[in-house]
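First the structure, in the form of structure tokens, and then the observations on it.
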Amino acid sequence: MTKKWIGILGELLLTLGVLILLFVAYQVWFSNLASQAEADRISNELIESFELDYSNIDTGSDDKEVSSIERKESEGFALLYVPRLKDDVWGTPILNGITESKLAKGIGHYPTTELPGEVGNFSIAGHRATYGEPFARFERLQAGDTVVVRTVEGWFVYQLKKDQIVLPSEVWVLNDVPTEDFSAGSSLITLTTCDPRWNSYQRWIWWGELVSVHEPKDIPVEVLEG
């Protein structure tokens, strides 16, 4: 009799384990699917608004001109392109803020840091697992890689220089001069994500420096050839 109940209990535990695995898989799949749909929607809206603004500039009309500050406060204000991570980060929207709701729709911008192209540190964050996971393959990044940010003002091309794994409390990584590798007056970009991928007790940081700026219609070769 005891063996019978042990067998039944074992079957129940096995079934429960399978159900839990299926639920986790569904959660991961569904979160990624929903996040990608939202990111695509925001990206398309941004591209349309950028093109509209370019048209306004050409015709001299400013009826629908949108300032960078107004765009920063809206749902999205920039698009991110990383050739090394093209399968995951190509025209991905950047939103102002790093709340879970923002990170579930794309890349989040630390609101206390600078905007693209400005002197100082333009700092962003993205999920490495679930909710679109734009930085799922963050480990592929290398020094010398290109990171391109597109805004209504134009294209900003950064080159990655240095990475480091830190604790979440080490907010100095967002400083205007985070390490001795950079100097005052530089225009930097900081990419942050969780490490290891399926946990959050560390942060993986990549810093890059602005190397070129392009007018709105002058698409960088890194994007054209990406």
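The numbers here are math on the coordinates, done by the rules we state, and not lab data. Nothing here was measured: the structure is a model prediction, and the numbers come from that model. All Cβ positions, glycine included, derive from the backbone under ideal geometry; neighbour counts span all protein chains shown.
Order these peptides, 147-159, 131-143, by their mean beta-carbon neighbour count within 10 angstrom, highest first.
Per-residue mean Cβ counts within 10 Å order the peptides as 147-159, 131-143.
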- Gap separating the Cα centres of segment 159-199 and segment 84-150, nearest whole Å: 13 Å
- So for the pair Gln159, Asp181, with labels modelled 7 Å out along Cα→Cβ, what separation do we get in nm? 1.3 nm
- Message: Under the rule a/c < 1.5 gives rounded, and otherwise a/b versus b/c splits prolate from oblate, where does segment 76-176 land using the Cα gyration tensor?
- Response: rounded
- Message: Just to confirm the filter: which chymotrypsin sites (Phe, Trp or Tyr not before Pro) across segment 191-226 are DSSP coil and have at most 14 other Cβ within 10 angstrom of their Cβ?
- Response: Trp198, Tyr201
